[in-house]
Amino acid sequence: MESVEAVYHQPADKHCIADLIVIAKVVGPGSDPARLALLIENKITAAAQPQQAERYRKRGATGVSQGLWDRYLTVLVAPASYIAAGHGYDNAVTLEAIRKWIPTSDQKRRAIKHAILDAAIAKKNATGIQIVDPVMTNFRRLYFEYVQDFNRRTGSDFLMSPPRPAWFDDTWFKFREPSMPLLAEFRHLSRTGNIGLDLKGVQLGSLGLLQPLLEDGMYLEPVGRKKQNASIKKMVGAIRSFEDFEAEKDKVEAALVFAQRITRIWIENRPAFDEVLSGAASELPI
């Protein structure tokens, strides 16, 4: 490996949401330099989704055909006790192995990273693999189908990963608009009732240019574990029951209408958005 060109967190396409995509420049003996994509699925307790490894390979092959990279490898990263024979990925790396690879040159950083990995390993050992909840699985399937119907009705083009088995309280729904860069992702926190366009790597203070463009009910808020990202948000009503999609679909409709309106604002005011995003990480096109 000569260098790492880019790292992307949870970019989505029609096949899957990859937890991490790493683009590296590699040179083999007697071969020309190539761009290698590592498509990484991170697991701690979540159960494997149907054909998940195969969908990662389709994502890799699509990237080759679109010229995003020259080669790809699919990689499963998880606690050793999670990884089973026949997992389906090209390679698997245990969290325990990663723990040993952390450099010793900075003991403070090493201790922090060890603590994070130890917590993940302990969570898997304490809870096991999360059990699929049929109620949540069905609700997520109906949500996905509703997004497809909304696209047909309104001419929108929102991309959402195909439905998968889900566990109890798996109530965050993510989707993208393909005309936006990868750092822009809609996230519907259905239990709390807010929908936002999350801008990864964009600081809240840099969104001043966008404030006059927002409509009634829209607001700006920092998001992320360390509040490192900014989001344009709106409250659309909390979903109370995941057993009855019909009774709750008005909130899903409201979330998608918000996303559609934000997309129009983005298109109509592209120079302002481009200026805001100019300081963020370079983007990988879909």
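Among the residues of the range 103-115, are any in contact with a His (Cβ under 7 Å, 6 or more places away or on another chain) and either over 30 Å from residue 168 (Cα atoms) or open to solvent by 30 Å² or more (accessible area, probe 1.4 Å) (or both)?
Kept after step one, since they are in contact with a His (Cβ under 7 Å, 6 or more places away or on another chain), are these residues of the range 103-115: none.
Looking through the range 103-115, none of the residues is in contact with a His (Cβ under 7 Å, 6 or more places away or on another chain) and either over 30 Å from residue 168 (Cα atoms) or open to solvent by 30 Å² or more (accessible area, probe 1.4 Å) (or both).
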- Query: Filtering the range 128-167 down to residues that are β-branched (Val, Ile, Thr) and more than 21 Å from residue 178 (Cβ to Cβ), which residue is modelled with the lowest pLDDT?
  - Reply: 129
- Item | Residue list for the range 1-40, filter: β-branched (Val, Ile, Thr) and closer than 20 Å to residue 165 by Cα | 17, 40
- Note on the structure: All-but-one check, residue 125 against (1) touching a Ser or Thr at 6+ places or on another chain (Cβ under 9 Å); (2) at pLDDT 90 or above; (3) more than 21 Å from residue 166 (Cβ to Cβ), failing number (2)
- Unique match (being under 21 Å from residue 2 (Cα atoms) and buried (at least 16 other Cβ atoms within 10 Å of the Cβ)) among 40, 121: 40
- Query: Among all residue pairs at least 6 apart or on different chains, which show Cβ distances below 6 Å where the first residue, located in the range 55-81, is free of Cβ contacts under 8 Å to residues at least 60 places away in the same chain and the second is part of a helix (DSSP H, G or I)?
  - Reply: 69/63; 72/60; 74/56; 74/57; 79/95; 79/121; 79/124; 80/96
- Query: Here are some conditions: (1) over 21 Å from residue 269 (Cα atoms); (2) at pLDDT 95 or above. Residue 186 meets all but one. Which one does it not meet?
  - Reply: (1)
- Taking the stated definitions as given, is residue 61 within 24 Å of residue 176 (Cα to Cα), aliphatic (A, V, I, L, M) and more than 15 Å from the chain's Cα centre (by Cα)? yes
- Leading residue by the ranking (modelled with the lowest pLDDT) among those in the range 247-286 that are open to solvent by less than 50 Å² (accessible area, probe 1.4 Å) and under 30 Å from residue 24 (Cα atoms): 284
- Note on the structure: Selection over the range 195-232 where residues are part of a helix (DSSP H, G or I) and in contact (Cβ under 8 Å) with a residue 40 or more places away in the chain yields a count of 5
- Can you name every residue in the range 150-176 that is of a type in the set (Asp, Glu), within 22 Å of residue 243 (Cβ to Cβ) and open to solvent by 50 Å² or more (accessible area, probe 1.4 Å)? 169
- Message: Can you report the number of residues in the range 220-246 which are open to solvent by 50 Å² or more (accessible area, probe 1.4 Å) and under 22 Å from the mean Cα position of the chain (by Cα)?
- Response: 7
- Scan the range 80-95 for residues that are assigned to a strand (DSSP E or B) and aliphatic (A, V, I, L, M) and report the count. 2
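May I ask you to verify whether residue 136 is touching a residue at least 40 places away in the same chain (Cβ under 8 Å), farther than 21 Å from residue 55 by Cα and not in a helix (DSSP H, G or I)?
Details: touching a residue at least 40 places away in the same chain (Cβ under 8 Å): yes; farther than 21 Å from residue 55 by Cα: yes; not in a helix (DSSP H, G or I): no.
For residue 136, the condition - touching a residue at least 40 places away in the same chain (Cβ under 8 Å), farther than 21 Å from residue 55 by Cα and not in a helix (DSSP H, G or I) - is not met.
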- Pairing a residue in the range 141-165 that is in contact (Cβ under 8 Å) with a residue 24 or more places away in the chain and part of a helix (DSSP H, G or I) with any residue that is aliphatic (A, V, I, L, M) and buried (at least 17 other Cβ atoms within 10 Å of the Cβ), where Cβ atoms lie under 7 Å and the two sit 6 or more apart in sequence or on different chains, gives 143/252; 146/252; 147/160; 147/256; 150/256
- Are any residues in the range 202-211 touching a helix residue (DSSP H, G or I) at 6+ places or on another chain (Cβ under 9 Å) and open to solvent by 20 Å² or more (accessible area, probe 1.4 Å), and if so, which ones? 206, 208, 209
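The values are calculated or read from the model by the stated rules, or taken from the named source; none is laboratory data. Since we're looking at a predicted model, the values are computed, not measured. Reconstructed Cβ throughout: ideal geometry from the backbone, glycine too, with neighbour counts over all protein chains shown. For the accessible areas, the whole protein counts, side chains as well, though only heavy atoms, and no ligand, DNA or RNA atoms are used. Shrake-Rupley method; radii C 1.70, N 1.55, O 1.52, S 1.80 Å.
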